[in-house]
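Heads up, the thing below is written out as structure tokens.
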Amino acid sequence: MFSHFIPNGQIEGLERRQDARKNVTGHRLVVADCQTMEGDFQAPINNISSGGVFIDTNQRLFVGQEIAIKFDFPGVRKTTMANGEIVRTSCEGAGIRFRMFFKN
């Protein structure tokens, strides 16, 4: 409805999530190994759901960019690996929508 007022059709401040988010904060930091065509970097995970993840980073990323991520949760033996797409960027980090998971 208001998307014509916001550049690139991005609607900020409106809740459009389909999956419940779980904040990943506290005394155990979960860090994702991230890989884009421009290079590799690591970034702490702020929150996660079955549909995506938000990473805390000042890495220069753009909406539509492909990204591969890999991370481990404390107490879980398997590594989570996924391909995704950057769907939101801000000064705090980037929102990634998962496209495909890989078994490890």
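Assorted remarks:
- Unique match (being in contact with a Ser or Thr (Cβ under 8 Å, 6 or more places away or on another chain) and either part of a loop (DSSP other than H, G, I, E, B) or modelled with pLDDT of 95 or more (or both)) among Ile96, Ile67: Ile67
- Condition check for Asp33: modelled with pLDDT of 95 or more and surrounded by 15 or more Cβ atoms within 10 Å (Cβ to Cβ): yes
- Cross-chain or 6+ apart pairs with Cβ under 8 Å, the range 76-87 first and under 19 Å from Phe54 (Cβ atoms), then open to solvent by 50 Å² or more (accessible area, probe 1.4 Å) and of a type in the set (Val, Ile, Thr): Ile86/Val63; Val87/Val63
- Among the residues of the range 41-79, those identified as among the β-branched types (Val, Ile, Thr) and open to solvent by less than 40 Å² (accessible area, probe 1.4 Å) are Ile45, Ile48, Val53, Ile55, Thr57, Ile67, Ile69, Thr79.
The values are calculated or read from the model by the stated rules, or taken from the named source; none is laboratory data. These numbers come from a predicted model, not from an experiment. A quick note on method: Cβ atoms are made from the backbone with ideal geometry, for glycine too, and the neighbour counts reach across all protein chains shown. Only protein heavy atoms, including side chains, enter the accessible area calculation; ligands, DNA and RNA are left aside. Shrake-Rupley method; radii C 1.70, N 1.55, O 1.52, S 1.80 Å.
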